[in-house]
Amino acid sequence: MAINKTSPWRVHFLLLLLVGIIILSTTKGNGQPLAPGVMVFGDSIVTVGNNNHLKTIVQSNFPPYGRDFINQNPTGRFCNGKLALDFTCENLGLPEYPPGILSKEAKGENLLIGANFASGGSGYYKTTARLYNTIPLRKQLRYFKKYQKKLVRVAGTSNATSIITGSVYLVSAGTSDFVQNYYVNPFLYKVYTPYEFSDILIQAYYDFIQRLYRLGARKIGVSTVPPIGCLPASITIFGKGCNGCVIKMNSVAEYFNRKLNATSIILKAKLSGLNLVVLDIYRPMYNMIQKPTDFGFFEARKACCGTGLVEASFLCNERSPGTCANATGYVFWDGFHPTEAANKILADELLIDGLSLVS
């Protein structure tokens, strides 16, 4: 069927093409990346292996994780291959991926392109990371302060300041707060409604961005939470036998995302020189799940790993029965996280949203 000239798909394609031309002309023409570095904070959606160095059940540094990554290496990414973050770093023209702050690579000249402070199982709420012995956002900021001191020693004060102020900061949190804490924690769901809990998370987000700003961040992209009611594990655990998305959970996610947008506007007005962009992953993720064949997928209810119903972390392992041979047709890799193929689509979608961070 012919595409109408005013089709949103046509407009979207043309915008992506324009962004691609800008990126290619900038990064290929003079060899310079669009930003000096990328600093990453948050949860398992963006972590590159900091949990490898912690005593926690939230791990992914073993097969089949990473089976489609570089050298089939299970780095601690919660994916079969690249994260949306990895594609974003490539789009920005970085020569390498910023190292996990706890890794042995986080030293010397490797620090010049930024660092990844994220930890699977972390979130805005103070006890989420504590439940799983991972790195809470406040401690991620403390690691960032230490990183800055190391950067000064490597690059000098002037260059370090340029890297800190010129880098793109990416923040992804909230999903673990809901799915791995609130909805399974009677000390929370019996005290707060999910909307009251959302408000608590938004206040924590408000405080976190101000602290990050005081440490020098000026270009910040913060992702919305995805349709948490459509995660395979959410449907299995909370879906009451149905195979469709858990509508109540998605309604909470939409409420949280609206508050995230509104609060971000307030922060931009309050903090001089702050470029704060909300990166919408809810809409493209929901579209992939509702109409997978439109995006080249055939399975959106079940994940690739194991039965595809709930497995993640240690439950997703080499002996998990039923793991698919080819993940490219699946939206989800495990019960909570997208495949590399889905991450590529998400990264392309975020190109448009995040263009103002580097323009």
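Going by the structure shown, is ARG67 over 28 Å from THR165 (Cα atoms), out of contact with any strand residue (DSSP E or B) (no Cβ under 8 Å at 6 or more places or on another chain) and of a type in the set (Lys, Arg)? The answer is yes for ARG67. Criterion applied to TYR213, TYR286 was being under 20 Å from ASP334 (Cα atoms), of a type in the set (Ser, Thr, Tyr) and part of a helix (DSSP H, G or I), and the one residue passing it is TYR286. As for the range 69-78, it holds at least one residue that is among the basic types (Lys, Arg) and surrounded by 24 or more Cβ atoms within 10 Å (Cβ to Cβ). Among the residues of the range 256-275, those that are assigned to a helix (DSSP H, G or I) and either of a type in the set (Gly, Ala, Ser) or under 19 Å from the mean Cα position of the chain (by Cα) (or both) comprise PHE256, ASN257, ARG258, LYS259, LEU260, ASN261, ALA262, SER264, ALA269. Just so you know, in the range 132-178 the residues that are under 29 Å from ILE281 (Cβ atoms) and among the small types (Gly, Ala, Ser) include one that is nearest to the chain's Cα centre (by Cα), and it is SER172. Could you grab me the full set of residues in the range 25-84 that are out of contact with any Asp or Glu (no Cβ under 9 Å at 6 or more places or on another chain), within 20 Å of PHE314 (Cβ to Cβ) and hydrophobic (A, V, I, L, M, F, W, C)? Within the range 25-84, ILE45, LEU54, ILE57, VAL58 qualify. Just one of (1) farther than 22 Å from GLY221 by Cα; (2) out of contact with any Asp or Glu (no Cβ under 7 Å at 6 or more places or on another chain); (3) among the charged types (D, E, K, R) fails for ASP334. It is (2). Only a single criterion out of (1) over 22 Å from THR75 (Cα atoms); (2) in contact with a Pro (Cβ under 7 Å, 6 or more places away or on another chain) is not satisfied by THR323, namely (1). Looking across the range 311-340 at every residue that is free of Cβ contacts under 8 Å to residues at least 60 places away in the same chain and aliphatic (A, V, I, L, M), the one that is surrounded by the most Cβ atoms within 10 Å (Cβ to Cβ) is identified as VAL331. Suppose the filter is polar (S, T, N, Q), under 27 Å from SER359 (Cβ atoms), surrounded by 15 or more Cβ atoms within 10 Å (Cβ to Cβ) and touching a residue at least 24 places away in the same chain (Cβ under 8 Å); does SER198 pass it? The answer is no for SER198.
Only one of the listed residues (LEU271, LEU267, LEU260) is touching a residue at least 12 places away in the same chain (Cβ under 8 Å) and closer than 26 Å to LYS344 by Cα. That residue is LEU260.
Looking across the range 121-145, the residues that are buried (at least 18 other Cβ atoms within 10 Å of the Cβ), in a loop (DSSP other than H, G, I, E, B) and of a type in the set (S, T, N, Q) come down to SER122, THR134. Looking at LEU351, LEU357, just one residue is in contact with a strand residue (DSSP E or B) (Cβ under 7 Å, 6 or more places away or on another chain), buried (at least 17 other Cβ atoms within 10 Å of the Cβ) and aliphatic (A, V, I, L, M), and that residue is LEU357. Screening VAL310, VAL252, VAL225, VAL278 for residues that are within 21 Å of TYR125 (Cβ to Cβ), modelled with pLDDT of 95 or more and in a loop (DSSP other than H, G, I, E, B) leaves exactly one candidate, VAL225. Restricting the range 70-109 to residues that are within 17 Å of VAL171 (Cα to Cα) and part of a loop (DSSP other than H, G, I, E, B) leaves a set whose member that is nearest to the chain's Cα centre (by Cα) is LEU83. Which residue, of PHE208, PHE197, is of a type outside the set (Asp, Glu), closer than 19 Å to ARG142 by Cα and part of a helix (DSSP H, G or I)? Of the residues listed, the single one that is of a type outside the set (Asp, Glu), closer than 19 Å to ARG142 by Cα and part of a helix (DSSP H, G or I) is PHE208. Exactly one residue out of ALA118, ALA84 is surrounded by 16 or more Cβ atoms within 10 Å (Cβ to Cβ), touching a strand residue (DSSP E or B) at 6+ places or on another chain (Cβ under 7 Å) and within 15 Å of VAL48 (Cβ to Cβ), and it is ALA118.
The values are calculated or read from the model by the stated rules, or taken from the named source; none is laboratory data. All values reported here derive from a predicted model rather than from experimental measurement. Note that we place each Cβ from the backbone using ideal geometry, even for glycine, and neighbour counts take in every protein chain shown.
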